Amino acid sequence: DIDGSTLVLVVATDVAERKRTEKALKEYSARLEEMVDERTRELQDAQAELVSKERLAILGELAAGVSHELRNPLATITNAVYFLQMTLIGADDTTKEYLQLIAAQVQSSGKIVSDLLDFSRDSAADRQSTPLPQLVADLWERCVPPENVEVATILPSGLPPVFVDPQQLGQVLENLVTNAYQAMLKGGDLIIEATAGDDEVYLSITDTGVGIATENMDRLFEPLFSTKPRGIGLGLAVSRTLVEANGGSIKVESKEGEGSTFTLVLPAARGQD
(Lines give C-alpha, C1' and ligand atoms only; values in the text may rest on other atoms or scores of the structure.)
Protein backbone atom coordinates (compact mmCIF):
# COMPACT_ATOMS: atom_id res chain seq x y z
CA ASP A 1 0.00 0.00 0.00
CA ILE A 2 2.78 2.42 0.86
CA ASP A 3 4.48 1.72 -2.45
CA GLY A 4 1.22 2.19 -4.32
CA SER A 5 0.50 5.50 -2.62
CA THR A 6 3.99 6.71 -3.41
CA LEU A 7 3.50 5.79 -7.05
CA VAL A 8 0.22 7.70 -7.28
CA LEU A 9 1.78 10.76 -5.67
CA VAL A 10 4.62 10.78 -8.19
CA VAL A 11 2.17 10.61 -11.12
CA ALA A 12 0.10 13.46 -9.68
CA THR A 13 3.22 15.55 -9.25
CA ASP A 14 4.28 14.89 -12.83
CA VAL A 15 0.84 15.91 -14.16
CA ALA A 16 0.81 19.12 -12.11
CA GLU A 17 4.30 20.04 -13.26
CA ARG A 18 3.37 19.42 -16.89
CA LYS A 19 0.33 21.67 -16.56
CA ARG A 20 2.44 24.42 -15.06
CA THR A 21 4.92 24.05 -17.89
CA GLU A 22 2.19 24.16 -20.52
CA LYS A 23 0.66 27.25 -18.91
CA ALA A 24 4.06 28.97 -18.84
CA LEU A 25 4.65 28.12 -22.49
CA LYS A 26 1.24 29.51 -23.46
CA GLU A 27 1.88 32.73 -21.56
CA TYR A 28 5.31 33.09 -23.13
CA SER A 29 3.86 32.40 -26.58
CA ALA A 30 1.22 35.08 -26.02
CA ARG A 31 3.85 37.57 -24.85
CA LEU A 32 6.04 36.68 -27.81
CA GLU A 33 3.17 37.34 -30.22
CA GLU A 34 2.53 40.70 -28.53
CA MET A 35 6.24 41.58 -28.78
CA VAL A 36 6.30 40.63 -32.47
CA ASP A 37 3.15 42.68 -33.16
CA GLU A 38 4.56 45.67 -31.29
CA ARG A 39 7.88 45.46 -33.10
CA THR A 40 6.09 45.14 -36.44
CA ARG A 41 4.08 48.28 -35.68
CA GLU A 42 7.25 50.14 -34.70
CA LEU A 43 8.94 49.13 -37.96
CA GLN A 44 5.87 50.16 -39.97
CA ASP A 45 5.73 53.52 -38.17
CA ALA A 46 9.46 54.05 -38.73
CA GLN A 47 9.09 53.25 -42.42
CA ALA A 48 6.13 55.63 -42.75
CA GLU A 49 8.07 58.36 -40.96
CA LEU A 50 11.07 57.84 -43.23
CA VAL A 51 8.92 58.05 -46.36
CA SER A 52 7.25 61.17 -44.97
CA LYS A 53 10.60 62.83 -44.25
CA GLU A 54 11.88 62.01 -47.74
CA ARG A 55 8.74 63.50 -49.29
CA LEU A 56 9.00 66.60 -47.10
CA ALA A 57 12.67 67.04 -48.03
CA ILE A 58 11.80 66.92 -51.73
CA LEU A 59 8.85 69.24 -51.13
CA GLY A 60 11.10 71.68 -49.30
CA GLU A 61 13.52 71.88 -52.20
CA LEU A 62 10.67 72.30 -54.67
CA ALA A 63 9.00 74.94 -52.49
CA ALA A 64 12.18 77.00 -52.27
CA GLY A 65 12.66 76.99 -56.05
CA VAL A 66 9.03 77.74 -56.87
CA SER A 67 8.81 80.50 -54.26
CA HIS A 68 11.83 82.37 -55.61
CA GLU A 69 10.47 82.10 -59.15
CA LEU A 70 7.07 83.47 -58.13
CA ARG A 71 8.25 86.38 -56.03
CA ASN A 72 9.44 88.51 -58.94
CA PRO A 73 6.26 88.32 -61.07
CA LEU A 74 4.10 88.92 -57.99
CA ALA A 75 6.14 92.01 -57.14
CA THR A 76 5.75 93.23 -60.72
CA ILE A 77 1.97 92.75 -60.60
CA THR A 78 1.79 94.57 -57.25
CA ASN A 79 3.71 97.56 -58.66
CA ALA A 80 1.55 97.60 -61.79
CA VAL A 81 -1.68 97.59 -59.77
CA TYR A 82 -0.38 100.38 -57.55
CA PHE A 83 0.54 102.45 -60.62
CA LEU A 84 -2.90 101.93 -62.17
CA GLN A 85 -4.67 102.86 -58.94
CA MET A 86 -2.66 106.08 -58.74
CA THR A 87 -3.16 107.07 -62.38
CA LEU A 88 -6.79 105.96 -62.81
CA ILE A 89 -8.15 108.09 -60.00
CA GLY A 90 -11.19 109.01 -62.06
CA ALA A 91 -11.92 105.44 -63.18
CA ASP A 92 -15.41 104.00 -62.83
CA ASP A 93 -16.35 101.88 -59.81
CA THR A 94 -16.06 98.60 -61.72
CA THR A 95 -12.47 99.32 -62.73
CA LYS A 96 -11.55 100.28 -59.16
CA GLU A 97 -13.24 97.16 -57.84
CA TYR A 98 -11.26 94.91 -60.18
CA LEU A 99 -7.99 96.63 -59.32
CA GLN A 100 -8.70 96.04 -55.62
CA LEU A 101 -9.55 92.43 -56.41
CA ILE A 102 -6.23 91.93 -58.21
CA ALA A 103 -4.35 93.54 -55.32
CA ALA A 104 -6.09 91.29 -52.79
CA GLN A 105 -5.37 88.13 -54.80
CA VAL A 106 -1.72 89.09 -55.23
CA GLN A 107 -1.46 89.64 -51.48
CA SER A 108 -3.01 86.22 -50.86
CA SER A 109 -0.57 84.63 -53.31
CA GLY A 110 2.31 86.40 -51.61
CA LYS A 111 1.28 84.87 -48.28
CA ILE A 112 1.38 81.40 -49.85
CA VAL A 113 4.84 82.11 -51.26
CA SER A 114 6.03 83.26 -47.83
CA ASP A 115 4.67 80.09 -46.22
CA LEU A 116 6.46 77.97 -48.81
CA LEU A 117 9.74 79.76 -48.12
CA ASP A 118 9.34 79.46 -44.36
CA PHE A 119 8.58 75.76 -44.74
CA SER A 120 11.63 75.11 -46.91
CA ARG A 121 14.33 76.95 -44.97
CA ASP A 122 16.02 76.52 -41.63
CA SER A 123 14.13 78.19 -38.79
CA ALA A 124 17.09 79.43 -36.75
CA ALA A 125 15.81 81.84 -34.11
CA ASP A 126 17.42 85.08 -32.95
CA ARG A 127 16.03 84.86 -29.43
CA GLN A 128 15.96 87.85 -27.13
CA SER A 129 13.96 89.29 -24.25
CA THR A 130 10.70 90.42 -25.87
CA PRO A 131 7.73 92.12 -24.15
CA LEU A 132 4.41 90.55 -25.12
CA PRO A 133 2.37 93.79 -24.97
CA GLN A 134 4.44 95.27 -27.78
CA LEU A 135 4.14 92.10 -29.88
CA VAL A 136 0.35 92.09 -29.48
CA ALA A 137 0.11 95.82 -30.24
CA ASP A 138 2.08 95.30 -33.45
CA LEU A 139 -0.14 92.32 -34.26
CA TRP A 140 -3.36 94.35 -34.15
CA GLU A 141 -1.81 96.87 -36.55
CA ARG A 142 -0.99 94.14 -39.06
CA CYS A 143 -4.17 92.11 -38.56
CA VAL A 144 -6.96 94.64 -38.34
CA PRO A 145 -10.10 92.75 -37.25
CA PRO A 146 -13.14 92.59 -39.53
CA GLU A 147 -16.07 94.80 -38.59
CA ASN A 148 -18.08 91.85 -37.28
CA VAL A 149 -15.33 90.56 -34.96
CA GLU A 150 -14.80 91.93 -31.46
CA VAL A 151 -11.26 91.59 -30.12
CA ALA A 152 -9.93 91.78 -26.58
CA THR A 153 -6.46 91.59 -25.05
CA ILE A 154 -5.89 90.36 -21.49
CA LEU A 155 -2.28 90.86 -20.43
CA PRO A 156 -1.78 91.11 -16.65
CA SER A 157 0.59 93.65 -15.18
CA GLY A 158 3.93 92.24 -14.18
CA LEU A 159 3.89 89.73 -17.04
CA PRO A 160 7.53 88.78 -17.71
CA PRO A 161 8.95 89.20 -21.22
CA VAL A 162 9.40 86.09 -23.30
CA PHE A 163 12.71 84.79 -24.65
CA VAL A 164 11.91 84.46 -28.35
CA ASP A 165 12.66 85.78 -31.82
CA PRO A 166 10.14 88.65 -32.05
CA GLN A 167 9.82 88.40 -35.82
CA GLN A 168 9.15 84.67 -35.76
CA LEU A 169 6.68 84.85 -32.88
CA GLY A 170 4.95 87.75 -34.61
CA GLN A 171 4.53 85.57 -37.67
CA VAL A 172 3.05 82.76 -35.56
CA LEU A 173 0.55 85.13 -33.96
CA GLU A 174 -0.38 86.54 -37.35
CA ASN A 175 -1.04 83.03 -38.69
CA LEU A 176 -3.21 82.10 -35.72
CA VAL A 177 -5.20 85.34 -35.72
CA THR A 178 -5.75 85.17 -39.48
CA ASN A 179 -7.06 81.62 -39.07
CA ALA A 180 -9.35 82.82 -36.29
CA TYR A 181 -10.80 85.56 -38.51
CA GLN A 182 -11.42 83.04 -41.26
CA ALA A 183 -13.21 80.77 -38.78
CA MET A 184 -15.59 83.61 -37.88
CA LEU A 185 -16.88 84.79 -41.24
CA LYS A 186 -20.28 85.42 -39.64
CA GLY A 187 -18.73 87.35 -36.76
CA GLY A 188 -17.63 86.51 -33.25
CA ASP A 189 -15.16 87.25 -30.48
CA LEU A 190 -11.39 86.91 -30.43
CA ILE A 191 -9.45 87.00 -27.17
CA ILE A 192 -5.69 87.04 -26.69
CA GLU A 193 -4.77 86.26 -23.10
CA ALA A 194 -1.50 85.60 -21.30
CA THR A 195 -0.63 84.11 -17.91
CA ALA A 196 2.74 83.54 -16.29
CA GLY A 197 4.13 80.30 -14.89
CA ASP A 198 7.43 79.68 -13.13
CA ASP A 199 9.72 79.88 -16.16
CA GLU A 200 7.05 79.95 -18.87
CA VAL A 201 4.41 82.24 -20.27
CA TYR A 202 1.14 80.86 -21.63
CA LEU A 203 -0.32 82.85 -24.50
CA SER A 204 -3.74 81.77 -25.79
CA ILE A 205 -5.72 82.86 -28.85
CA THR A 206 -9.41 82.01 -28.48
CA ASP A 207 -12.12 82.44 -31.10
CA THR A 208 -15.84 81.69 -31.20
CA GLY A 209 -15.76 80.38 -34.75
CA VAL A 210 -16.79 77.14 -36.42
CA GLY A 211 -14.35 75.00 -34.44
CA ILE A 212 -12.45 71.96 -35.64
CA ALA A 213 -13.92 68.55 -36.37
CA THR A 214 -12.71 65.79 -34.04
CA GLU A 215 -11.37 63.70 -36.92
CA ASN A 216 -9.13 66.59 -38.01
CA MET A 217 -7.55 67.39 -34.64
CA ASP A 218 -4.64 64.94 -34.95
CA ARG A 219 -3.71 66.23 -38.41
CA LEU A 220 -3.85 69.99 -37.80
CA PHE A 221 -0.10 70.53 -37.82
CA GLU A 222 0.67 68.18 -40.71
CA PRO A 223 2.22 69.93 -43.75
CA LEU A 224 -0.20 70.20 -46.68
CA PHE A 225 -3.25 69.31 -44.56
CA SER A 226 -5.98 71.94 -44.77
CA THR A 227 -9.73 72.13 -44.28
CA LYS A 228 -9.94 75.40 -46.19
CA PRO A 229 -11.11 75.29 -49.81
CA ARG A 230 -8.15 77.44 -50.92
CA GLY A 231 -5.56 76.66 -48.26
CA ILE A 232 -2.37 74.69 -48.92
CA GLY A 233 -1.95 73.60 -45.32
CA LEU A 234 1.37 75.17 -44.33
CA GLY A 235 0.37 77.94 -41.90
CA LEU A 236 0.00 75.78 -38.79
CA ALA A 237 2.90 73.52 -39.76
CA VAL A 238 5.17 76.55 -40.08
CA SER A 239 3.79 78.00 -36.83
CA ARG A 240 4.64 74.87 -34.86
CA THR A 241 8.13 74.73 -36.39
CA LEU A 242 8.77 78.37 -35.42
CA VAL A 243 7.42 77.94 -31.89
CA GLU A 244 9.58 74.87 -31.31
CA ALA A 245 12.63 76.67 -32.75
CA ASN A 246 12.08 79.24 -30.00
CA GLY A 247 12.03 76.64 -27.23
CA GLY A 248 8.24 76.57 -26.90
CA SER A 249 5.29 74.39 -27.78
CA ILE A 250 1.78 74.79 -29.14
CA LYS A 251 -1.44 72.97 -28.31
CA VAL A 252 -5.05 73.32 -29.36
CA GLU A 253 -8.46 72.73 -27.85
CA SER A 254 -11.56 72.98 -29.98
CA LYS A 255 -15.23 72.07 -30.11
CA GLU A 256 -16.99 71.98 -33.42
CA GLY A 257 -19.51 74.79 -33.72
CA GLU A 258 -18.22 76.65 -30.64
CA GLY A 259 -14.67 77.77 -31.37
CA SER A 260 -11.00 77.00 -30.76
CA THR A 261 -8.18 77.94 -28.43
CA PHE A 262 -4.53 77.75 -29.51
CA THR A 263 -2.11 78.04 -26.60
CA LEU A 264 1.57 78.87 -26.97
CA VAL A 265 3.87 77.80 -24.15
CA LEU A 266 6.85 80.16 -24.34
CA PRO A 267 10.05 80.44 -22.29
CA ALA A 268 10.07 83.45 -19.99
CA ALA A 269 13.10 85.70 -20.30
CA ARG A 270 13.65 85.51 -16.53
CA GLY A 271 14.11 81.75 -16.88
CA GLN A 272 17.14 82.30 -19.10
CA ASP A 273 19.36 83.95 -16.49
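Summary value for the stretch 119-173: 61 percent relative contact order, contacts being C-alpha pairs under 8 angstrom separated by 6+ residues. Solvent-accessible area of Tyr98, all protein chains in place: 130 Å² (probe radius 1.4 Å, heavy atoms, ligands and nucleic acids excluded).
The 3J(HN,Hα) values that the Karplus relation (6.51, -1.76, 1.60; θ = phi - 60°) gives for the stretch 84-95 are, in residue order, 5, 5, 6, 8, 9, 4, x, 5, 6, 4, 5, 4 Hz. Gly and Pro appear as x. To put it simply, the accessible area of the stretch 108-207 at a 1.4 Å probe is 50 percent carbon and sulfur. When nucleic acids and ligands are ignored and a 1.4 Å probe is applied, Asp93 ends up with an accessible area of around 120 Å².
Local charge sum around Ala152 (other residues, Cβ-Cβ under 10 Å, Lys/Arg +1, Asp/Glu -1)?
Working: positive: none; negative: Glu150, Asp189, Glu193.
Every neighbour counted, the sum reads -3.
Only protein heavy atoms count here; on that basis, with a 1.4 Å probe, Met35 has an accessible area of about 120 Å². Over all other residues within a Cβ to Cβ distance under 15 Å of Thr261, the charged ones net out to -4, with Lys and Arg as +1 and Asp and Glu as -1. Per residue, what accessible area does the stretch 80-190 have, given a 1.4 Å probe and all protein chains present, in Å²? With the other protein chains kept in place, the stretch 80-190 gives 58 Å² per residue.
Amide hydrogen proximity for Gly188: with H placed 1.01 Å from N in the peptide plane, the residues at 5 or more positions away or on another chain lying under 5 Å are Val149, Glu150.
Put simply, the Cα atoms of the stretch 116-200 extend 38, 37, 20 Å along their principal axes, the longest span coming first.
The values are calculated or read from the model by the stated rules, or taken from the named source; none is laboratory data. Just so we're clear, the structure is a prediction, and the values are computed from it rather than from any experiment. Don't worry about glycine lacking a Cβ; one is built from the backbone with ideal geometry, like all the others, and counts go over all protein chains shown. Ligands, DNA and RNA are stripped out before the accessible areas are found, and what is left, the full protein with its side chains, is counted by its heavy atoms. Shrake-Rupley method; radii C 1.70, N 1.55, O 1.52, S 1.80 Å.
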